[in-house]
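Coordinate-derived values only; no laboratory data. The shown structure was predicted, so the numbers you read here are calculated from the model rather than taken from an experiment. Please note: Cβ atoms are built from the backbone with ideal geometry, for glycine as well, and neighbour counts cover all protein chains shown.
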Amino acid sequence: MKRGIAIVSTLIMTAILALMLMALFTATRASLFGGMVHHRKVAALYAAEAGLAVTMAELEANGFTPPSSTLTGTLQGGSWSVTFAGGPGPGALDSVNNLQNTAGSAESYRGPNTVPPASALIIVRAQCGGVERVLEAMVTRGMTGANLTRAIQSTGTVTMIGDAMVDGIKALDDLTPVPGHIQSNSAGPGTVIKWDPQGGAANITGTVSSVATGAAIDLAGYTPGGGVPQTGVGAAAFPVIDIPGEISAKSSSPAPTFNATGVSSLGTGDYYHSGDVTLNGDLDLDGANLYVTGNLTVNGSISGKGSIYVQGETSFQGDASIEGNADSNIALFSKGSVSLKGFNGSQYLAALGATHPQLDIYTKQASAAIKGQQDLVAGYGAQVLAGSYWGPFEKYRRALGQPGSGAASLPPEASPDGGPWNADNFGKMKAYILDPANGIPDSTAKAFIVERIGDLGDMNQMVANIYPDHDTAINTFLATGSTKAIMDAAGDYASADWITWGTVFQSSLVHVQKINYNKLGTAYFQGQIFTNGYLLAENEVTILGAVLAQGDSSLPVTTVGGVTVKPGDLYLGNGTRVTFVEDFFDDGGANFAGTSLSVATWLGR
């Protein structure tokens, strides 16, 4: 009996132990599989993150374009892939690259305009042992100009000498006026914004403000378009730009090839130069980013589209030619000071006119005609073309460029005021200056002014003198930016059909606004200038974009022309003009995108 009870008890305990062992096995097996799944999820996540990092590196290294439509890789048992959309209507796993477009948004699987300018939506698909993770990140080139709403912004003093013009336009193909604001963040003491007329006139269309209080602003009694100058305001925000850091990060980039004289053209990509650069000619950026550890001296112009980072000082002359490409702009970031100098073309022509009375007549008529054009453009729109076939704008054009008949003078009905006017004053000026019989010696100033008036004359030429028809002139302008005969071509079309051709005409009229036509020698810079030193611009320089001087107190104080300038100061002398171009600075931030990528948003799905 006892033995039977023992057997039964043993069987019951064995069954219980078997159930416990089975439960333990089941739990262990579930935990093991759960651990494996978790491990694979983590491995897939790590692979996805590695894929994002590799993709960003590949984009940076290839000028913000992927080396192929699909990128792949592995990491510790996991694999990843990134596929870029090949056209419209991207799918849910398609990445979208909009890094090179600094003006407009792009479409993604989320819908139209969901990838901001200078950004990319990168979707990484990663797998490990049958477990899949999808990582979605918005990366950006780090728009370098946060809160750029002013034409001039400084942490030091702002000094304007002679004619002072600070204004703004909507875009290079939209002449709608916008305010040209000036602000100094200097707390003083003393005057931090000053205009010294020296016989010149001021035209500041925005506000003039300073952090300093009291008599911090002295505009010689002038009241800007934005109202009475404001003192004691809050400091303006500056973009965060680590110029030495940006240069150092690109030290492995290839070295650029420069021409000692003539034009040095750089193609798309990053270029790194250790030491100083001195060019006796022009520097043309074609989508290039140039990094210089020393000083950059260009005894000519800087043009095209791209970014320049200079660890030392930067000096250049500005551009003599007229470009029609509204997309051209430069972002110049100089740790040291920036000097932008033209030459006094008005003074040069006036000096020649004193001993060459016929040239003086051509010069004065050209100045009057281009001033008349500019006054008309100030009321941009269809009214520019108001009147008969020989309306006011057309009459000025004929006085500046050849009307086609070869006539030396304009008939009364074709002259701007019915009086005696020469036809093609620019052509006559150029021919007179170049004629050896007139004994005008060769010089840099002569070459500059000949190129300038040559471009201005071509811009006002009759279409038939250059192109077979109006369509060719307009299509060439739209395709290449050439301004030859554009005033005649666009004007004739717009007068007949403003709705269709008015935009083209406004795009051409920007060249009337681009230069201060009271000063035929004007050099101009198109883009953004940022420096940690001082900025000196003089001798009829026009800057289209914005100027920022965020002083670094570790840099030296300098005396220029008897004036002491310190880091953060702006000295705008001899007719310097700054025109803020709102389109360059999208939604309050600059559309000059940075050169390295950062993650703006990240999510797993």
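Extension gain for residue 70-residue 263 works out to 65.7 nm (0.36 nm per residue, less the C-alpha to C-alpha distance).
Rounded, prolate or oblate: pick one for the stretch 123-249, where a ≥ b ≥ c are the square roots of the eigenvalues of its C-alpha gyration tensor, a/c under 1.5 means rounded, and failing that, prolate if a/b is larger than b/c, else oblate. Note, shape of the stretch 123-249 comes out prolate. The simple Förster model, with R0 at 60 Å and r as the Cβ-Cβ distance, assigns residue 228 and residue 255 a FRET efficiency of 0.70.
Near residue 565, the amide H atoms lying under 5 Å from its own belong to 558, 559, 560; only residues 5 or more places off or on other chains count, and H is placed 1.01 Å from N. Using the Cβ-Cβ distance between residue 603 and residue 552 with R0 set to 45 Å, the FRET efficiency works out to roughly 0.70. Could you name the lysines in cross-link range of residue 484, using Cα to Cα under 18 Å and dropping any fewer than eight places away on the same chain? Within reach: 395, 428, 430, 514. Taking 0.36 nm per residue of sequence separation and removing the Cα-Cα distance, the residue 563/residue 408 pair yields an extension gain of 51.0 nm. All other residues whose Cβ lies under 12 angstrom from that of residue 335 are scored, Lys and Arg at +1 and Asp and Glu at -1, for a net of -4.
Available extension along the chain between residue 451 and residue 274 is 60.4 nm, counting 0.36 nm per residue and deducting the alpha carbon span.
Per-residue 3J(HN,Hα) values for the stretch 350-359, derived from phi via the Karplus relation 6.51 cos²θ - 1.76 cosθ + 1.60 with θ = phi - 60°, read 5, 5, 5, x, 5, 10, 10, x, 5, 4 Hz in sequence order (x marks Gly and Pro). Sequentially through the stretch 42-55, phi angles give Karplus couplings (6.51, -1.76, 1.60; θ = phi - 60°) of 5, 4, 5, 5, 4, 5, 5, 5, 5, x, 5, 5, 5, 4 Hz, Gly and Pro residues having no value and appearing as x. For the stretch 167-173, 3J(HN,Hα) computed residue by residue from phi via the Karplus equation (6.51, -1.76, 1.60; θ = phi - 60°) reads 9, x, 9, 5, 7, 6, 10 Hz, glycine and proline entered as x.
Here's how it looks for residue 168: its modeled amide H is under 5 Å from those of 178, 180, 580, which are all 5 or more places away or on a different chain. Here the calculated FRET efficiency for residue 58 and residue 248, from their Cβ-Cβ distance with R0 = 25 Å, stands at 0.75, rounded to the nearest 0.05.
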